[in-house]
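See structure below.
The values are calculated or read from the model by the stated rules, or taken from the named source; none is laboratory data. Remember, predicted model here, so these are calculated numbers, not experimental data. Here Cβ is always computed from backbone atoms with ideal geometry, including for glycine, and neighbour counts include all displayed protein chains.
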Amino acid sequence: MKRVCAYCRVSTEHDDQLNSLENQKQYFYEYINRNPEWEFCGLYVDEGISGASVDKREGFKQMIADAEAHKFDLLLTKEISRFARNVLDSIYYTRKLKTLGIGVFFMNDNINTLEPDADLRLAIMSAIAQEESRKISQRTRWGQKRSMERGFVFGTGLLGYHLKNGKLSVNEDGAKIVRLIFDLYLSGIGTKLIGKELENRGIPTPNGGVRWHTSAILDILKNEKYAGMLKQKKTITTDFLSHKRKVNEGEEDYIIEENNHAPIITKEMFDRVQGEIKRRRVAVMEKSRYSNRYAWSGKIECAYCKSKFGRRYGSHRSEQFKVVWRCTKAIKYGKEKINAQGQKVGCNCEAVHEEFLKGNFLAVLNGVIENKDLVVQELRNAMHHAIDSSSNKSSELEQVGADIDRIVTEVKTTGYTYRRLNYPHRI
């Protein structure tokens, strides 16, 4: 008695295709049981999976594993394109099964891999199937491009929008969160603190989680859809067989549609945020050059040229004033002047002794400690002013007050006490 199984696959999840899959299952079950010399030993199924590669075909991989365990002797499948649309995969796996003593019978193509001429016929039919897969991929991409040009939105839902039939419509609950994120960022708050603020307010992430990652915040800030613009083909398929995708780095033209849908924020606000993202990135890159060794590294900015200060040893005889901090442009070029190329270089900013920096910092810190109630009130006033200028101020005042009260309560609960900090060179 020969143990016989079958492999079925459909490449989409459309109802008519899945109905076809059920028909295939029933057909194979009856076909195998009609042969008295065969014993039915199962079906291997992949639903909604492309045949261009076996990487994501769990049913196919299970079938190969069972073959290696010698659980069947013959495999039936409807046609070569159901088995694989890749020439190499077709030949590789049929030969692998053949070495295990297992034949594959492609019913519509009338090919049995145990027959002498099977390799030649299989190679020809597999090449035809692969070419058909390439044409399908080409037609699909052409159709998608035409749809994109008409403003059809591909992908999944987006925070602040409903996506239905390729059209975006504003979801006001999510839109409020988006506006809050943009307002907070333009007020000077970083993505990490924005995430913490959203978590403190109990606002869930777009997928229902509780933790907001900085990458998710940045993706929202950089998404042009919130300004009503649609930019598609950001990623492209590099290989129709593997379906691998990569970031479009100019290999194909973007498809951009201005005013494609209702915006959540203005184009002016979006452009301001992009400029701020770029400015902060440059500042971080510059800061990172000087921020790994000393307490003041990357934290002092020149009032004349906006460059960061660097640490140097001065010429003062006293050990106390030996270390100074100076503008990096002044360090590199000296006093401000015009070079041979006609460019202005250097900076006239004077060096600052490190001891004075320490003393002044502690003087300011002690002032904050001594006047903490006044500082909290000033913070409230500043937050109120920022919210009054924002487009989403309706519920912000209550939220800010609640957040400040919560922080004050946490400080009191933990028993943290302020104390004056002393430093011998305070000025």
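Against the condition modelled with pLDDT of 70 or more, of a type in the set (S, T, N, Q) and under 17 Å from L88 (Cα atoms), how does S133 come out, does it pass? Criteria not met by S133.
Just to verify a result, which residue in region 84-112, among those that are polar (S, T, N, Q) and part of a loop (DSSP other than H, G, I, E, B), is surrounded by the fewest Cβ atoms within 10 Å (Cβ to Cβ)? Ranking the candidates gives N110 first.
The one condition from (1) loosely packed, with under 11 Cβ neighbours inside 10 Å; (2) in contact with a helix residue (DSSP H, G or I) (Cβ under 9 Å, 6 or more places away or on another chain); (3) within 27 Å of G188 (Cβ to Cβ) that V364 does not meet is (2).
Restricting attention to region 332-356, which residues are closer than 15 Å to A303 by Cα and not basic (K, R)? Before you say what the answer is, go through the steps one by one.
The initial filter retains those residues of region 332-356 that are closer than 15 Å to A303 by Cα, namely 335-336, 346-352.
Across region 332-356, the qualifying residues are E336, G346, C347, N348, C349, E350, A351, V352.
In region 68-85, the residues that are modelled with pLDDT under 80 reach residues that are part of a helix (DSSP H, G or I) and of a type in the set (S, T, Y) with C-beta atoms within less than 6 angstrom, at least six apart or across chains, in these pairs: I80/S126; A84/S90; R85/S133.
Taking the criterion of being small (G, A, S) and assigned to a loop (DSSP other than H, G, I, E, B), the residues of region 324-373 that qualify are G334, A340, G342, G346, A351. Pairs are defined by a Cβ separation below 8 Å, a sequence spacing of at least 6 or placement on different chains, a first member in region 104-124 that is outside the structural domain of Y27 (by TED's automatic domain parsing) and under 22 Å from L43 (Cα atoms), and a second member that is part of a strand (DSSP E or B) and among the small types (G, A, S); no pair meets this definition.
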